[in-house]
Amino acid sequence: MLLAQLLDRAGTGMWAASSVLYFTFVLGLDAGRIGLLLGAAAVAGIAGSPLAGHLAGRFPVRSLLIGCHLLRLGTLGALLVVTRFDVLLPLVAVTYLGDRAAKAMEMLFATRVAGERRGTYQALARSTANAGYAVGAGIAAAGLALGTQDAYRALILANALSFLAAAALVWRTREPRAEGRVAARDAASEGAATGGAGSGPGPTRAPSPWRDRGYLRFVLLDIPMNLDDSVLAVGLPLWLVVHTDAPHALVPAFLVINTVLVVVLQLRVSARFEQPRQAAAAVSVYGLTMLACCILLALSSGTGPVAASAVLLGAAVLVTGAELLRSVSSWELAVSLAPEQARASYLGVAGMAQSVQKSAGPLLLTAVVTTGGPAGWLALGGGIAVLSVVQRRSAIRRLDSALAASAPAAPSTSAAHAG
């Protein structure tokens, strides 16, 4: 599965580095149409996670993940022959929907296979994903250096074929038989069997994440807890170019720092925040780390090129540290706060936080934060720090409530067995 993720992310890295240039120089789209294309794709991607969680309640995750890979293989292959914008729009939207759904399926699969070791698995997956992105970006750089239409098409084709290879690897990976379907369905089946025997009330309906206010609050608060992604990809480069005297050649160093630190440190950070309460504590540390990063960005304006470069590199280290913490806390809390009998649907809804951030985060940074100057960064950092405290307290209350609810059930269960 990790090798499948490596190939998937390598293909995604090629797509991220070459898609806009492909749309511009091969398909001849203007900036307005490209913006509409990517905007529609981002909106479609938001639906990918909850859709994946819903389907995982009815079909094996392994089969669904293979389907996501093959779906993207088909849509990207079609991009090589389609030139009409009205056809491109749904093709790209479905590609992004499949991408987000695939990530949710990987999360579900890992939760089932890794069990209590899911934190370690997530760390390995994060390191693998970043290595894949780096490989894909490197391949894309070689192709883009040629600058020909055939080179752009070759990159799109290579991305499509990466999904075929990933699907083949997933097909060879065995999903645990006991959890081939989501636990909610298993519970319903057991209830039906009990009811048929006349000794139970019949099937019980699994809880819905859409009616669970506490979990929806967690998902809503998790959106700003993912803003490190947009700060690294959009905020840092834009701020460097527009508001500082640092050399533009420094921009690639941000991604290099991020990739290296994630690959080297993700396992160590995950080992320190494996349990649910530790993950809740990591949320507060995330808020403080993002606040420190935003303070550095505010201070970098108006300084000389050397000082600005040093401060911006420090900000890149801090935002990467925040990413390391977020990948642990969001993953562990999304699983721990969800009821076990409906975990797939809950995790599907939890995945929306990252998708919404990817759509709204860049707009927030470009339209509000960077235009507000240093004060904009201070407001952003302060807001994230405050919301991280709210998220931590909310998560701990829910964990305590779940523990209290399960405590009295243990004696009654023992008594039932004794009787």
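The values are calculated or read from the model by the stated rules, or taken from the named source; none is laboratory data. Predicted, not measured: the structure shown is a model, and the values here were computed from it. Neighbour counts are summed over all protein chains in view; Cβ atoms, including those assigned to glycine, are modelled from backbone coordinates with ideal geometry. For the accessible areas, the whole protein counts, side chains as well, though only heavy atoms, and no ligand, DNA or RNA atoms are used. Shrake-Rupley method; radii C 1.70, N 1.55, O 1.52, S 1.80 Å.
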inquiry  = Can you give me the distance in nm between label points at ARG217 and ALA375, each placed 7 Å from the Cα along the Cα-to-Cβ direction?
reply    = 3.2
query = What ranking, highest mean first, results for peptides 14-20, 101-107, 398-404 when packing means the other Cβ atoms within 10 Å averaged over each residue?
reply = 101-107, 14-20, 398-404
request  = Could you state how much accessible area ARG58 has, in square angstrom rounded to the nearest 10, with a 1.4 Å probe and all protein chains kept in place?
outcome  = 110
remark   = Computed ³J(HN,Hα) along region 87-97: with the Karplus parameters 6.51/-1.76/1.60, θ = phi - 60°, integer Hz and x for glycine or proline, the list is 8, 4, 4, x, 4, 5, 4, 5, 4, 5, 4
message = Could you tell me what a quarter of the Cα convex hull surface of region 1-85 works out to, in nm² with one decimal place?
response = 6.3
ask   = Based on Cβ point charges of +1 for Lys and Arg and -1 for Asp and Glu, what charge dipole magnitude is obtained for region 215-352 about its Cα centre, in debye rounded to the nearest 20?
value = 200
key: Heavy-atom accessible area ranking, 1.4 Å probe, most first, across ARG397, ARG33, ARG213, ARG62   = ARG213, ARG397, ARG33, ARG62
Accessible surface, the chain, averaged per residue in Å² (probe 1.4 Å) = 44
inquiry  = Sort 126-137, 264-275, 37-48 by packing, meaning the average of other beta carbons within 10 Å per residue, with the highest value first.
reply    = 126-137, 37-48, 264-275
ask   = What's the carbon and sulfur percent of the chain's accessible surface, probe 1.4 angstrom, rounded to a whole number?
value = 67
ask   = Which semi-axis lengths, in whole Å and largest first, follow from the square roots of five times the eigenvalues of the Cα gyration tensor of region 251-298?
value = 23, 17, 5
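Which order do the peptides 357-366, 333-342 come out in when sorted by mean C-beta neighbours inside 10 angstrom, highest first? Walk me through the numbers on the way to the answer.
Details: 357-366: 18.2, 333-342: 20.6.
Sorting 357-366, 333-342 by mean packing, highest first, produces 333-342, 357-366.
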note = With label points set 7 Å from each Cα along the Cα-to-Cβ direction at GLN278 and THR173, the distance between them in nm comes to 2.4
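Output the Kirkwood hydrodynamic radius of region 217-273, Cα pairs only, in Å rounded to one decimal.
After inverting the mean inverse Cα-Cα distance, the result is 13.4 Å.
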task = With viscosity set to 0.890 mPa s and temperature to 25 °C, compute the Stokes-Einstein D of region 13-152, Rh being the Kirkwood radius across alpha carbon pairs; µm²/s, no decimals.
result = 149
request  = Would you mind calculating the gained length between LEU21 and ALA360 on full extension (0.36 nm times residue separation, minus the Cα-Cα distance), in nm to one decimal?
outcome  = 119.8 nm
Between region 9-62 and region 336-386, the alpha-carbon center distance in angstrom = 19
query = Which value, in Å² rounded to 10, gives the accessible area of VAL61 with a 1.4 Å probe and all protein chains present?
reply = 0
query = With axes computed from alpha carbons, what is the tilt in degrees of helix 276-300 against the longest principal axis of the chain, rounded to the nearest 10 within 0 to 90?
reply = 10
note = Expressed in square angstrom to the nearest 10, the accessible area of VAL311 with a 1.4 Å probe stands at 40
ask   = Given [x] 84, 58, 52; [y] 56, 54, 38; [z] 78, 48, 35, which label gives Cα extents along the principal axes in Å as computed from the coordinates?
value = [z]
message = Check which residues have an amide H placed less than 5 Å from SER301's amide H, if you skip close sequence neighbours.
response = none
ask   = What is the gain in length, in nm to one decimal, between LEU238 and ALA31 on full extension, counting 0.36 nm per residue of separation less the C-alpha to C-alpha distance?
value = 72.7 nm
ask   = Non-local amide H neighbours of ILE223 (under 5 Å, H modeled in plane, Pro and chain starts lacking H): which ones?
value = none
query = If the chain between SER401 and THR83 were fully stretched, how many nm would it gain, using 0.36 nm times the residue separation less the Cα-Cα distance?
reply = 109.0 nm
